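One structure below.
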Amino acid sequence: MIFRIVTLLTILSVLVLGAGCSQDPQLTSPTGDTGSGTKNGTEVLGPPSIAIASGTGLAEGGVGMVGVNSAQLTVDVPAGAQVVQALLYWAGGATTGSGDAEISLDGNLVQGELIGGPVLFFGSYEFFAYRADITGLGLVDAGMNTFTVADFDFTGTTLDENNGASILVIYDSGDEASIILRDGLDMAYFGFEPTLDATVPQVFDVDPESVDRVAELTIVAASVGENRPSVIKVTTSAGDQLFEDVLGSADGLTWDSLTLAVDVPAGADEVSVQIISTVSTDPRGASLGWVAAGLALQPVEVETFAVTGVVFEDASVDATFDGIEWGIGEVVVELIDGDGGLFTARTNFNGQYRIDAPAGDYTVRINLMDYPDDINADLASSFDATTVLSQPVTIGPDSPGHHFGFTPRAEQLAAELENGDLLSNGETLKYWTTVIHRGLIQEQSERRANGHDGDTSSGGGWGHDEEYFSAEELHGLIDTIEGLYLTQPYQFTDGMELREVYDILKSRPKTDEERLYRALLVTELNFVAGLGIVGQADVLGVLISWGESLLAAGNKSMDKGRAGDIVFAYNLFEAINTGGGGGVDE
């Protein structure tokens, strides 16, 4: 049975080179011979003695060398891929006890390293396998490659067997994969005594995935003649996949290259591959040799979908995110699947978050208990949720609109500032009025505004020891305020910024909203100057955006009975600006 690939998610390549019972002239395959019984320590594959490059996948091509002086070998590397390593394997046998460590490829003499053998398989016949790293020759490129293999001769006294050669290419097409190779020499014929009756299965560890995968299994085999039955067995957690009699001189007499589709079930953590000489006398089971095995495993690309939303300060306290409210940044949002698997994301400056996960049923939530070093803990201690904090969600397709609202406990925060549980180093309305006024004077008179510098000449200094922001520095602070959160309430006329700020600070408010408008501007001046609630800059930013939203709502907030919030906000910002009862500026 041959499994065909529908979608290639994993590449599994097993390079099988054989040495068995085909030679120049042809040797009769073993029948009643019980084999040498000698394994010589080489009858198993192992890690190569050279470094193996990483890449995306494997490409392979082979050619049989029985009865020919030279032959054409082709290997097709995916277009656009980069060849990162090319290995040449060859194998054969002879009765002289010596192999053939040198062959030529397109006229280039290649010296191989003995990686398996001599294995005394039967009678006086010994088999050898070789490997050479030919990357440095620069012969193999992306696309179709054709090479001439020659000078291949396992010379014996009466018989020799020139099995064949194959090139294994590791290429990189930009995707990540793990590449594992093993080589050596493992001979098998069912009629021999153990352990020459079977090959040793090669087990490759793979990372389990949550979905079924399709693997590509590439086989190159030697010495399996026509009508000589064999089985390629692939074993996973789902059981065995048997590929019967798929070998049979595809690349020349007794040399085969083929590709099979292999199912890798969800959860599988290993794939085992073995070539079996079928127990059969009519037709007689194949004799074969295994020289190398390779596994290239690409990670599964699982389609994901997005869960999105905003964590916001709900100034209107209606559990609805609208255009007059600002998001809360740096909040950890969790997405949990049915098995307890956890995905997390942090909100950006605008309070937006996005979590990508495979299709399925989940719960998206704000966990206020398990993030003590994040703003989640501040939300737990100083804010009330206006929405549910846990929402069921099904994705596949995307699922937007999962918002979470919070409103500050303004009375509690103001009380904590008054009793010293929270500390503020914020400057007062009087301070900022003075600073802005002096900035205006500096712009008009070009007198220095950064404190007494010892110069008592006319226009030299302010004649006191206090230090104030220069006009240039004040413009920088005001520019920052204009860029904070909502576009309202603080936007100023170019060239008139200091004058307009000063007018607000000197105004005489008549309503609660006007008082909040002035107090919030003082708080924002403190905020951009690095002042305010000590060690709570992130919380102060949320409070400021909440205040801006209250002002932006205007009559809308009044219609919803939120006039009290205006008063609470004013009292809170006043406490921040004056240091409350426990301020560090007192």
Top-ranked residue in region 423-444 [being farther than 26 Å from residue 324 by Cβ and outside any helix (DSSP H, G or I); ranked as farthest from the chain's Cα centre (by Cα)]: 428
Residue that is farthest from the chain's Cα centre (by Cα), among those in region 114-135 that are in a strand (DSSP E or B) and farther than 17 Å from residue 289 by Cβ: 132
Options 191, 174; residue that is more than 30 Å from residue 96 (Cβ to Cβ) and not in a strand (DSSP E or B): 174
Wholly enclosed strands (runs of 3 or more DSSP E) of region 322-371 bearing at least 2 residues surrounded by 17 or more Cβ atoms within 10 Å (Cβ to Cβ) and in contact (Cβ under 8 Å) with a residue 40 or more places away in the chain: 332-337, 352-358, 360-365
Filtered residue count, region 205-233, keeping only those that are aliphatic (A, V, I, L, M) and under 16 Å from residue 266 (Cβ atoms): 4
Single residue of 401, 420, 405 found to be small (Gly, Ala, Ser), touching a Ser or Thr at 6+ places or on another chain (Cβ under 6 Å) and either assigned to a strand (DSSP E or B) or surrounded by fewer than 20 Cβ atoms within 10 Å (Cβ to Cβ) (or both): 405
Contacts under 9 angstrom Cβ, first residue in region 487-507 being under 25 Å from residue 324 (Cα atoms), partner not in a helix (DSSP H, G or I), 6 or more apart: 488/324; 490/484; 500/492; 500/493; 501/490; 501/492; 504/490
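We did not get these values from a lab; they are worked out from the coordinates using the rules stated. No experiment lies behind these values; they were computed from the predicted model shown. Note: ideal-geometry Cβ built from the backbone for every residue, glycine included; neighbour counts use all protein chains shown.
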